[in-house]
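The values are calculated or read from the model by the stated rules, or taken from the named source; none is laboratory data. Everything quoted here is computed from the prediction, not taken from an experiment. All Cβ positions, even for glycine, are placed from backbone atoms using ideal geometry, and neighbour counts span all protein chains on display. Note: areas computed on protein heavy atoms with side chains; ligands, DNA, RNA excluded. Shrake-Rupley method; radii C 1.70, N 1.55, O 1.52, S 1.80 Å.
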Amino acid sequence: MTHFAERCGLHTAAREAACARVARLIEASGIELVRFGWCDTHGMLRGKTLSAQAALRALRDGVGMVGTLMLKDTADRTAWKVFEPGGAAELPGFAGAANLMLMPDPDSFTTLPWLARTGWLRCQPWFADGTPVPLDTRRVLQTALARLGDAGYGLKTGLEVEFHIYRITDTSPQLDPELAAWPGLPPAVEMIHPGYNLQAEAMMDLSDEPLRIVQRTAQALGLPLQSLEIELGPSQVEAVFDATDALTAADQMVLFRNGVRQALRRAGYHATFMCRPPFPHIMSSGWHLHQSLVDLKTGRNACVRDAPAPGSTRADAAHTLSDAGAHWLAGLLAHARGMTVLCTPTVNGFARFRPNALAPQAVLWGQDNRGAMLRVVGAAGDSATRIENRVGEPAANPYLYMAAQIHAGLDGLQRGLLPAQASETPYADGGEKIPTSLGEGIAALQADDALRAGFGDDVVRYFCRIKQQELDRHTQAQDKTDFERREYFART
């Protein structure tokens with residue numbers, strides 16, 4: 001009798017060898033429990049925890065999960081009426097909260113550095129008939145990368161992530177059964193540094209204990225951490241990672257957020273990747289995505305040009321970027337409004353787009369200008385030449401964020417689009433603006449034909465319905481700050 005991995009077409013001799021390696025590692029290291037984790041629509045890890053013996057069987061047979069886990073909004077409420085006739089008609093395979101199967105990647109096995117005798121495996125959901133679930137956000141990025149590969153390119157990305165760390169002073173708001181709610185409250189906290197002293201060494205020293213936990217956790221998970229920095233805002237920090245291929249970088253972002261939250265919590269700290277924590281004097285956190293095209297034939301950075309185009313100035317994309325890079329830049333600009341909600345997917349995140357706040361407001365690019373939505377970094381002949389998209393928030397689903405870059409950039413490549421000249425006044429009046437609210441962002445994505453074609457109507461419809469339910473609840477909430485405290489600060 002064949003096992004489920006074979007029915008999915010996943011199991012090869014190489015995968016069987018990897019499963020055997022995992023079995024030896026589990027036995028040799030005394031692993032007792034293995035977490036099977038997958039990334040949901042909101043970029044959060046969910047999954048099941050199995051005993052070591054059950055985990056070995058699940059490497060080949062998978063483990064079942066309730067399908068509605070893929071249909072949750074930020075309050076964990078299901079966005080489709082799956083128990084009503086026709087309630088999930090647009091989602092074949094999800095009616096009645098039917099089971100999906102989580103299939104692990106044995107090569108992803110790692111031991112959790114903050115938890116003894118516990119392993120972890122990255123999974124993706126499959127239907128019970130052995131077909132992949134196309135709404136799985138990791139699969140969405142894999143599909144986008146395959147499309148980019150057909151055009152002869154790969155995508156290299158670097159993570160630059162701002163977030164906040166607080167010291168927990170009282171867990172009772174979160175854990176008192178008399179205060180339990182859906183969703184519940186976060187713990188009471190205090191800051192780890194007072195802020196407003198960018199990259200001050202004294203602030204770094206004040207924050208040393210939690211930042212050491214971040215460092216050790218990231219490195220123990222095998223993540224290519226480059227630096228930890230003090231950001232301007234109170235209790236705000238930043239982590240920067242070496243660039244790698246887009247799928248690996250997205251996987252690393254999911255693992256990083258999940259890992260540091262759990263490791264810090266065990267040490268008495270609360271980490272949040274919410275853009276603007278619910279306090280009066282706070283600075284927004286962004287997730288700046290550095291990206292460059294890779295020529296799959298040569299492995300070279302395809303955004304680099306040997307010399308500036310004749311007659312060009314720094315205001316021209318062709319002064320710095322190759323023709324392919326300029327087309328890619330133009331595609332990102334052409335679909336900036338449509339992609340914004342995939343890069344900043346929360347009500348809270350749109351509050352970041354303010355003038356002179358190192359956050360973008362308009363659809364434009366600049367040469368090494370941190371006020372621009374797209375910042376071009378590098379020069380002709382510089383192998384590190386790249387484009388930085390500054391529109392993202394750290395709570396974004398990394399697979400959707402990166403897939404949005406691909407579908408937008410590919411449209412620019414395929415149509416040979418060219419960008420307008422660079423701006424030196426990114427906060428000036430006039431010009432096209434990026435969406436200023438979640439509702440406007442949803443509408444912009446729905447109206448973008450190229451993004452809908454790239455992602456597929458089913459994926460766009462699925463994402464927008466979940467985000468619309470979140471928006472509707474925010475609109476109906478009498479206390480907007482309380483809504484954001486419970487849905488974002490407590491959970492992201």
* Asked: Label Ala315 and Asp368 with points 7 Å out from Cα along Cα→Cβ: what is the distance between them in nm?
  -> 1.9 nm
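Once you list every other residue whose beta carbon is under 13 Å from the beta carbon of Arg117, what net charge do they have if Lys and Arg are +1 and Asp and Glu are -1? Intermediate values should be presented prior to the final figure.
Values: positive: Arg35; negative: Glu27, Glu32.
Every neighbour counted, the sum reads -1.
Quote the charge dipole size of region 228-312 about the Cα centre in Debye, to the nearest 20; the model charges only the Cβ of Lys and Arg (+1) and of Asp and Glu (-1).
Working: 8 positive and 8 negative charges, 64 e Å.
So the dipole magnitude of region 228-312 works out to roughly 300 debye.
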* Asked: Between region 412-487 and region 241-286, how many Å separate their Cα centres?
  -> 22 Å
* Asked: Among Leu155, Leu71, Thr110, which residue has its Cα positioned farthest towards the positive end of the charge dipole of region 37-170, with +1 placed on the Cβ of Lys and Arg, -1 on the Cβ of Asp and Glu, and the dipole taken about the Cα centre?
  -> Thr110
* Under 28 Å from the Cα of Lys72 - lysines, other chains or at least 8 residues apart -> Lys48, Lys81, Lys467, Lys480
* **Sparsely packed GluC sites (Glu not before Pro) within region 404-492, loop by DSSP, other Cβ within 10 Å at most 12** => Glu432
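Per residue, what accessible area does region 162-233 have, given a 1.4 Å probe and all protein chains present, in Å²? Display every interim value, and only then the final one.
Numbers: 3820 Å² over 72 residues.
Result: 53 Å² per residue.
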* Treat every Asp and Glu Cβ in the chain as -1 and every Lys and Arg Cβ as +1, leave all other atoms uncharged, and give the resulting dipole magnitude about the Cα centre to the nearest 20 debye. => 780 debye
* Structure fact -> Once Lys297, Lys480 are ranked on solvent-accessible area with the largest value leading and a 1.4 Å probe, the list reads Lys297, Lys480
* Asked: Expressed as a whole percentage, what fraction of the accessible surface of the chain belongs to carbon and sulfur atoms when a 1.4 Å probe is rolled over the protein heavy atoms?
  -> 51 percent
* To do: Consider the candidate values (1) 37, 36, 21; (2) 34, 28, 24; (3) 51, 27, 18; state which one is semi-axes √(5λ) of the Cα gyration tensor in Å computed from the structure displayed.
  => (2)
* Structure fact -> With -39,500 (n - 2.57) per DSSP H segment of 4 or more residues and division by the full residue count of the chain, the 222 nm estimate, nearest 500 deg cm²/dmol, is -10500 deg cm²/dmol
* **Extension gain (nm, one decimal) between Arg216 and Asn99, 0.36 nm per residue minus Cα-Cα** => 38.4 nm
* What is the list of residues in region 93-112 whose amide nitrogen lies under 17 Å from a point 7 angstrom out from the Cα of Ala20, following Cα to Cβ? -> 106-107
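Suppose R0 equals 41 Å. What FRET efficiency, 1/(1 + (r/R0)^6) with r the Cβ-Cβ distance, do Asp245 and Thr118 give to the nearest 0.05? Walk me through the numbers on the way to the answer.
Working: r = 28 Å, r/R0 = 0.68.
E between Asp245 and Thr118, to the nearest 0.05, is 0.90.
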* Structure fact -> To the nearest Å², the heavy-atom accessible area per residue of region 443-483 with 1.4 Å probe amounts to 50 Å²
* Structure fact -> Between Asp457 and Lys433, the two model label points (7 Å from Cα along the beta-carbon direction) sit apart by a distance in nm of 3.2 nm
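Return one whole number: the accessible area per residue of region 47-120 in Å², for a 1.4 Å probe. Intermediate results must be reported in sequence, preceding the final value.
Numbers: 3140 Å² over 74 residues.
The answer is 42 Å² per residue.
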